[in-house]
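Read the structure below first, then the notes.
The values are calculated or read from the model by the stated rules, or taken from the named source; none is laboratory data. Keep in mind it's a predicted model, so treat the numbers as computed, not measured. Note that we place each Cβ from the backbone using ideal geometry, even for glycine, and neighbour counts take in every protein chain shown.
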């Protein structure tokens with residue numbers, strides 16, 4: 001404010017104008033002049049503030065990258081992979097992945113993995129559990145079916161299934177839900193219980209072990225025993 005008043009006193013044009021008119025006019029003119037200067041300064045300050053606000057509203061490159069990351073994450077699913085895999089884990093996979101992709105993410109299968117009832121081509125869903133059952137092992141870590149000392153593989157399980165089909169009996173260690181439901185007194189729910197039991201506890205060691213499945217008692221077993229095998 002003091003600078004503006006000094007400027008008015010030192011400027012000849014302004015001074016002569018102020019001296020020509022009376023004190024009251026000079027005072028009014030001086031106030032108007034000061035008001036114009038303040039208004040001009042306020043306008044410049046407001047204009048600079050608007051430009052700063054526009055700049056701060058624009059997204060920076062880091063925020064854009066975060067948005068891209070969220071878009072990619074939206075196309076991912078999480079699957080719990082366990083059982084006879086080398087590295088049981090919570091796997092993050094692209095949406096549209098299959099069971100085989102989950103197995104590979106977990107480091108592949110262990111030697112004792114029983115893939116008889118596992119569909120590698122099945123599509124996965126977010127939050128799904130993939131459990132790979134195991135063939136039973138002896139004290140030395142060898143698969144029990146391999147008593148002769150030869151290397152066991154999934155083909156052995158397929159051979160067992162074929163033998164069961166030839167005898168007209170259902171192999172409760174390898175049969176899927178559809179095959180199990182051909183047994184007397186076994187519906188979809190009981191068939192699933194049989195599958196869940198062997199996935200959690202391994203293969204049945206004897207035909208009579210089927211009574212360990214919830215809902216299968218002595219009476220049901222008597223109906224089943226002549227139609228099943230292991």
Filter pass, residue 190 being loosely packed, with under 13 Cβ neighbours inside 10 Å and in a helix (DSSP H, G or I): no
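Is it true that some residue in the stretch 162-175 is part of a helix (DSSP H, G or I), modelled with pLDDT of 85 or more and closer than 21 Å to residue 218 by Cβ?
The first filter runs over the stretch 162-175 and keeps only residues part of a helix (DSSP H, G or I), leaving 162-167.
Checking which are modelled with pLDDT of 85 or more leaves us with none.
Taking every residue of the stretch 162-175 in turn, none turns out to be part of a helix (DSSP H, G or I), modelled with pLDDT of 85 or more and closer than 21 Å to residue 218 by Cβ.
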Taking interchain pairs and intrachain pairs at least six residues apart, which have beta carbon atoms under 8 angstrom, with the first residue in the stretch 175-201 and touching a residue at least 60 places away in the same chain (Cβ under 8 Å) and the second assigned to a loop (DSSP other than H, G, I, E, B) and surrounded by fewer than 17 Cβ atoms within 10 Å (Cβ to Cβ)? 195/117; 195/176; 198/117; 199/117
I'm checking my understanding of the structure. Among residues of the stretch 124-140 that are outside any loop (DSSP other than H, G, I, E, B) and either out of contact with any strand residue (DSSP E or B) (no Cβ under 8 Å at 6 or more places or on another chain) or modelled with pLDDT of 85 or more (or both), which one is farthest from residue 79 (Cα to Cα)? 134
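Do the conditions hold for residue 179, that is, is it at pLDDT below 90, surrounded by 17 or more Cβ atoms within 10 Å (Cβ to Cβ), part of a helix (DSSP H, G or I) and under 36 Å from the mean Cα position of the chain (by Cα)?
Details: at pLDDT below 90: yes; surrounded by 17 or more Cβ atoms within 10 Å (Cβ to Cβ): yes; part of a helix (DSSP H, G or I): yes; under 36 Å from the mean Cα position of the chain (by Cα): yes.
So residue 179 fits the description; yes.
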Checked against (1) at pLDDT below 90; (2) more than 26 Å from the chain's Cα centre (by Cα), residue 117 satisfies every condition except (2)
